[in-house]
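Below is one structure, written out as structure tokens; the observations come after it.
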Amino acid sequence: MAILNEISEQLQEGKAKVVKQLVAQAVEEGFSAKQILEEGLLHGMGIIGNKFKNNEVFVPEVLVAARAMNMGVEVLKPLLAEAGIKATGRVVLGTVQGDLHDIGKNLVRLMMEGKGLEVIDLGTDVSPEMFVQAAIEHNSQVICCSALLTTTMGSIKDVISAMKAAGVRDTVKIMVGGAPITQTFCDQIGADCYMPDATSAALAAVELCKAS
Ligand code: B1M
């Protein structure tokens, strides 16, 4: 367990290269990818998040921690993804307009790809029209919106309006997630599905694709 604490602490310090090495070492020591992700990387990111909230650290510290998180996730990527699975559907994924947070979205992508889904990742700050255009262009079954700010989560409602305007609301499903999103919010805006984490999002996306 000491190594998982070390990963968490080095991540908080923003020591990306050390985090990468420690994650590789933890894999060699036999820790599961899920355990390293949750008890090492996400644990450290959670502490940084609380410090950020309390003004104990600021944007630059959060950014270097985020970089360290991404370097660690890179090492885990092949282990989290279940190789060799045939694609079971195609989804469009992005962080909503005005929102630049992408760590959670990237994890969602990783887990979805691991389930064999083809993911069209539009990145961050994605406008409602871009989501809809991409879904039509790539003939995808689900639009997946990630939002991390209370000020941007409302934009998901605009994605639904854009889907209606383009005539695809009945043919394309919409899944929502991100820290401020709840099932109540999902129901209020009329989205099809809310999932609280990357693993459940991937499972739900497979089911939505199967059903469409
Ligand atoms: Co931001 N930030 N940030 N930030 N940041 C939060 C979100 C905040 C909660 C911090 C705080 O105050 N405690 C707060 C939002 C408050 C609010 O809205 N109520 C906040 C703020 C205020 C801001 C700025 C406005 C700060 C400023 O500039 N003054 C600014 C906004 C910039 C913008 O987007 N326009 C800002 C900037 C940044 C950084 C750039 C410094 C950096 C982002 C770097 C990056 O993403 N590349 C950053 C970070 C890292 C955070 C915190 C610390 C961590 C977020 C994160 O990556 N968590 C965050 C505090 C926190 O969450 N504790 C915070 C780890 C990640 C794995 O979790 O993204 O929740 P998460 O994803 C989970 C689930 O939510 C779910 O699966 C993931 C894994 O299981 N999930 C889905 C996510 N998307 C999903 C989609 C799905 C299903 C599940 O289906 C489609």
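The values are calculated or read from the model by the stated rules, or taken from the named source; none is laboratory data. All values reported here derive from a predicted model rather than from experimental measurement. Virtual Cβ from ideal backbone geometry, glycine too; neighbours counted across all protein chains shown. Heavy atoms of the whole protein, side chains included, go into the accessibility calculation; ligands, DNA and RNA do not. Shrake-Rupley method; radii C 1.70, N 1.55, O 1.52, S 1.80 Å.
Listing for the model above:
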| read-out | value |
| --- | --- |
| Selection count where residues are open to solvent by less than 40 Å² (accessible area, probe 1.4 Å) and in a loop (DSSP other than H, G, I, E, B), scope the stretch 1-16 | 1 |
| Residues satisfying the stated conditions in the stretch 84-107, i.e. at pLDDT below 90 and among the β-branched types (Val, Ile, Thr) | Ile85, Thr88 |
| Filter pass, Thr88 being surrounded by 15 or more Cβ atoms within 10 Å (Cβ to Cβ) and touching an Asp or Glu at 6+ places or on another chain (Cβ under 8 Å) | no |
| Any hit, the stretch 154-176, residues being in contact with a strand residue (DSSP E or B) (Cβ under 7 Å, 6 or more places away or on another chain), closer than 23 Å to Leu80 by Cβ and not assigned by TED's automatic domain parsing to the domain that holds Val73 | yes |
| Where Gly30 falls short, out of the listed (1) under 22 Å from Thr151 (Cα atoms); (2) more than 17 Å from the chain's Cα centre (by Cα) | (1) |
| Every residue from the stretch 108-121 that is open to solvent by less than 50 Å² (accessible area, probe 1.4 Å) and either modelled with pLDDT of 95 or more or in a strand (DSSP E or B) (or both) | Leu117, Val119, Ile120, Asp121 |
| First in the stretch 117-135 and closer than 14 Å to Ile174 by Cβ and without any contact (Cβ under 8 Å) to a residue 24 or more places away in the chain, second anywhere and outside any helix (DSSP H, G or I) and open to solvent by 30 Å² or more (accessible area, probe 1.4 Å), Cβ under 6 Å, 6 or more apart | none |
| Residue match in the stretch 52-60 (condition: within 11 Å of the ligand (Cβ to nearest atom), in a helix (DSSP H, G or I), closer than 19 Å to Asp102 by Cβ and open to solvent by less than 30 Å² (accessible area, probe 1.4 Å)) | no |
| In the stretch 122-138, the residues that are of a type outside the set (Asp, Glu), within 13 Å of Met163 (Cα to Cα) and surrounded by fewer than 20 Cβ atoms within 10 Å (Cβ to Cβ) | Ser127, Met130, Gln133, Ala134, Ile136 |
| Single residue of the stretch 171-186 satisfying the filter (open to solvent by 20 Å² or more (accessible area, probe 1.4 Å) and of a type in the set (Val, Ile, Thr)) that is nearest to the ligand (Cβ to nearest atom) | Thr182 |
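Residues are listed down the side, and each one gets a yes or a no for (1) open to solvent by 30 Å² or more (accessible area, probe 1.4 Å); (2) more than 15 Å from the ligand (Cβ to nearest atom); (3) within 17 Å of the chain's Cα centre (by Cα):
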site	(1), (2), (3)
Val18	yes, yes, no
Ala26	no, yes, no
Gln35	yes, no, no
Leu42	yes, no, yes
Met69	no, no, yes
Val73	no, no, yes
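Listed here are the residues, each with its yes/no results for (1) in a helix (DSSP H, G or I); (2) crowded, with 20+ Cβ neighbours inside 10 Å.
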position: Thr151; (1), (2): no, no
position: Ile160; (1), (2): yes, yes
position: Arg169; (1), (2): no, no
position: Gln188; (1), (2): yes, no
position: Pro196; (1), (2): no, no
position: Thr199; (1), (2): yes, no
position: Ala205; (1), (2): yes, yes
